[in-house]
Amino acid sequence: MEKLINTVLHFDKYLNIIIQNYGSWTYVLLFLIIFCETGLVVTPFLPGDSLIFATGALAARGSLSIITLYIIFLAAAIIGDTVNYHIGKKIGIKIFEREDLKYINKEHLKKAESFYKKHGSMTIVLGRFIPIIRTFVPFVAGIGEMHYSKFIVYNILGGSLWVSLFLIGGYFFGNLPIVEENFSYVVISIIAISIIPAIIAFIREKKNSKTQVLDMMEE
């Protein structure tokens, strides 16, 4: 059991062995992992960014199909977020109000809620690029009763950008020696770069709020 859990948690590191043993079933496993990582608030620890990046590198070697990967990852990301949204809408408030949560980190939930309040609908897109947060964002959107027609648009946009960035990044750069030797740092760097727009937006918002306060004081 311990070996199985370790394999799932570090699926990206065992991809070559898994492909050799399971062939086309690897695509099913990849779909399930990304679906659970984005769709279930109890599994935010599953690999996401690193897994997509690693499969992109393997696709460049011919071990996997880049087209098939894109389709299954995009489907898993969109369906996962949609399921998460509906779970949040149905039972999210009850879960949020409970103090004895065993399998859900309430601090992560509160951070996602705060992020959602600051960035509104764009949270669905920006949250995709922040590990842990992306698992809780659609759940919080459901709790906040964000209109589904708006949610699905941002869901598709965010999912497309997320999958494209990491999959294509892995395809073109994943097999470079310097990337292979510093894989973890590369993934962290990609995440950092991808959330720069969110940081800039946050700084601007703070600056505007401060300006408004000063204007009110002058009046």
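Between S121 and H108, what is 0.36 nm times their sequence separation minus the Cα-Cα distance? Round to one decimal in nm.
Full extension of this stretch gives 2.8 nm more.
Normalise the Cα radius of gyration of region 28-136 by 2.2 N^0.38 Å (N = residues in it) and let me know the number.
1.15
In the neighborhood of L161, defined by Cβ-to-Cβ distances under 15 Å, what is the net charge if each Lys or Arg adds +1 and each Asp or Glu adds -1?
Overall, the nearby charge balance is 0.
Arrange the following residues from fewest to most other Cβ atoms within 10 Å of their Cβ: V163, V28, V153.
If I rank by nearby Cβ atoms, fewest first, I get V28, V153, V163.
Between T43 and F172, what FRET efficiency comes out of the Förster formula 1/(1 + (r/R0)^6) with R0 = 25 Å and r the beta carbon distance, rounded to 0.05?
Using R0 = 25 Å, I get an efficiency of 0.30.
Tell me, H108, H147, H119 in order of fewest to most beta-carbon neighbours within 10 Å?
Exposure proxy ranking, most exposed first: H147, H108, H119.
Can you pull the one-decimal nm distance between simple spin-label points at S24 and Y185, each 7 Å off the Cα toward Cβ?
4.1
Enumerate by residue number the chymotrypsin sites (Phe, Trp or Tyr not before Pro) in region 99-159 meeting two conditions: DSSP loop (anything except H, G, I, E, B), and at most 13 other Cβ atoms within 10 Å of the site's Cβ.
Answer by residue number: Y103.
Read-outs: derived from the displayed coordinates by stated rules, not from any lab. Source: prediction; values computed, not measured. Don't worry about glycine lacking a Cβ; one is built from the backbone with ideal geometry, like all the others, and counts go over all protein chains shown.
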